[in-house]
Amino acid sequence: MNLIRTCVGVTTAITTAGLLAACAVGPNFKAPEAPHTTGFAPAGQIAPETAAVPMSGGQAQRFVDGMDIPGQWWTLFQSAELNALIERALKNNPTLQAAQAALRQANETAAAQRGSYYPSVSGKVESQRNKASGASFGNIPGFPSSYFYNLQSASVDVSYTLDAFGGTRRQVEALQAQAEYQQFALEASYLALTANIVTAAINEASLRAQIAATQDIAGSQQQQLDITQRRVSVGGASRADVLQQQATLQATLATLPALRTLLAQQRNQLATYLGDLPADYTGAEFHLDSLSIPQDLPVSLPSKFVEQRPDVRQYSAQLHQATAQIGVATANMLPQITLTASYGQQAATWGDLFSPSSNVWSLLGSLTQPIFKGGQLLHQRRAAVAAAQVAAANYQATVITAFENVSNTLYALQADAEALAAQSTAERTAADSLAMVQAQFKSGAASYVQVLSAQQSYQSAAVALVKARALRYADTAALFQALGGGWWNRTDVTAAAHARAAAAGTAHVAVQNHDLSKGQM
């Protein structure tokens with residue numbers, strides 16, 4: 001077996017030398033600088049603090065540059081029910097489970113490809129029974145016309161394709177980039193799930209508040225109807241006034257079924273996020289007064305922002321993969337060097353199989369250079385270059401969209417506070433106006449048309465105030481989502497995963513035609 005050890009040793013040495021000394025064709029992926037910008041909006045357009053409103057959820061919110069984002073950012077809403085709901089979803093959501101499985105698949109695929117760095121060794125044992133014709137020996141007199149014989153063999157085969165131009169390493173690099181893509185696809189799924197649950201909980205609370213406000217308004221309108229009916233009995237109002245009030249009350253009540261349907265659908269959506277069937281959902285009820293508005297809001301530094309967005313990191317990994325594939329396509333155009341060795345024993349009987357005379361072995365080195373394939377390899381490389389250019393453009397578009405998301409949310413939060421202040425004033429004014437007109441109507445100093453107008457104004461203002469409160473909560477959640485959600489601070493992510501993510505880097509690679517056409521040796 002000395003020859004086997006010699007073959008394996010030689011091949012291992014060649015492998016090590018090849019890995020250390022061989023060049024890798026194709027462009028190297030570069031982690032570029034972050035966009036050169038100082039903020040997410042023109043200077044002076046976003047105030048450092050929003051307006052404040054003297055009501056629950058109306059506190060001023062401060063934008064803090066460079067503030068870190070907690071991994072469990074939703075806890076800032078200070079709702080134990082919301083925290084419990086998200087914890088359930090993270091364990092049971094099937095979309096998240098699919099993303100986790102896809103990451104495991106990508107990691108295993110990359111690990112499998114790394115096996116190409118090493119020689120392939122296989123063992124084989126054969127037993128043959130053969131019949132040979134005497135004609136093979138020229139029908140020599142005295143030899144039988146045919147004869148039977150056995151052949152037993154055992155061998156070990158070693159094969160190694162030298163990665164002289166780095167094609168194998170580029171393929172491993174591409175698969176590792178694919179695994180990184182799946183890692184951040186998982187982070188994006190995690191962020192989308194948590195943000196969707198927070199938003200759904202806020203929507204549920206908003207719908208409950210709208211239903212409660214509508215019911216209060218309907219109750220007030222019923223009281224007004226009772227008053228009008230009493231006035232009719234004493235001649236202080238007409239039958240037409242009663243009919244108008246009844247129509248107004250019924251119009252208000254008619255809005256409740258639609259709101260209740262939306263509430264039920266929102267609960268069903270939460271059930272879906274948790275991986276439950278609608279009939280099995282047992283989540284707590286959410287109300288706006290049970291949620292706290294975070295008062296200190298993070299605003300990431302632009303230089304760090306692209307490292308925080310999972311979708312940006314996904315497209316960065318996709319660009320890395322496409323860049324590595326250029327090297328793979330380039331290496332396919334170059335010579336392939338393969339070394340093979342075989343050592344074994346062959347004998348007519350098992351007893352003689354391991355005798356010195358039964359030794360057989362072979363050594364083979366081959367070099368294969370594609371000469372003509374109808375332009376197939378050339379066009380495959382050009383396709384790889386084009387794919388990298390597509391990935392580069394998609395990455396740039398993703399970065400721009402990410403900055404747009406944050407900018408839009410900052411503007412929205414500022415506007416939300418101003419809208420809440422205006423709606424709060426409008427609601428108080430409408431309520432005071434309604435109370436005054438109703439009092440005047442009782443004394444005969446106001447017409448019934450004035451009462452109806454005041455009722456309609458108050459109804460609109462009350463529902464609009466609820467929506468304004470909810471929108472402020474929802475846009476606060478949208479800001480945390482737009483900034484990446486603090487995945488880098490999650491306690492359920494291993495330190496190794498964090499280290500891999502940090503080492504991978506991100507951002508735009510300026511992939512130009514002339515850059516992608518050059519190999520890096």
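Structure above, values below:
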| quantity | calculated |
| --- | --- |
| Taking the chain and dividing mean pair separation by its residue count, relative contact order in percent (alpha carbons under 8 Å, at least six apart) | 29 percent |
| Counted charge near GLN246, where neighbours are those whose Cβ lies closer than 12 Å (Asp, Glu -1; Lys, Arg +1) | -1 |
| The chain - mean residue ellipticity at 222 nm from DSSP helices (-39,500 (n - 2.57) per run, n ≥ 4, rounded to 500) | -21000 deg cm²/dmol |
| Alpha-carbon spread of the range 50-139, three principal axes, descending order, Å | 115, 30, 16 |
| Mean separation of Cα contacts under 8 Å (6+ apart) over length of the range 307-384, as relative contact order % | 36 percent |
| Relative compactness, the chain, computed as alpha-carbon Rg over 2.2 N^0.38 Å | 1.58 |
| Relative intensity, log₁₀ I(q)/I(0), of the range 223-285 from a Debye sum that treats every alpha carbon as a point, q = 0.20, 0.25, 0.28 Å⁻¹ | -0.75, -0.95, -1.05 |
| LEU452, LEU367, LEU413, LEU483 arranged by Cβ crowding within 10 Å, fewest neighbours leading | LEU367, LEU452, LEU413, LEU483 |
| Neighbourhood net charge (12 Å Cβ-Cβ; Lys/Arg +1, Asp/Glu -1) for GLN346 | -1 |
| Mean Kyte hydropathy of -0.5 or more with a Cα span along the axis of at least 15 Å, helices from DSSP in the chain | 2-21, 80-92, 167-233, 239-273, 310-331, 376-443, 448-482 |
| Packing-based order for 425-433, 200-208, 43-51, 351-359, using average beta carbon neighbours within 10 Å, highest first | 200-208, 425-433, 43-51, 351-359 |
| Two-site FRET efficiency, ALA415 against HIS379, from Cβ-Cβ distance with R₀ of 45 Å, rounded to 0.05 | 0.30 |
| Candidate lysines - alpha carbon under 17 Å from LYS467, same-chain residues fewer than 8 apart omitted | none |
| Virtual spin-label span in nm between GLN222 and ALA446, 7 Å along Cα→Cβ | 2.2 nm |
| Rg over Rh, two decimals, the range 237-364 (C-alpha only, Kirkwood Rh) | 1.50 |
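Any read-out appearing in this document is the output of simple, stated calculations on the displayed coordinates, not a laboratory observation. These figures come from a predicted structure and were not determined experimentally. Here Cβ is always computed from backbone atoms with ideal geometry, including for glycine, and neighbour counts include all displayed protein chains.
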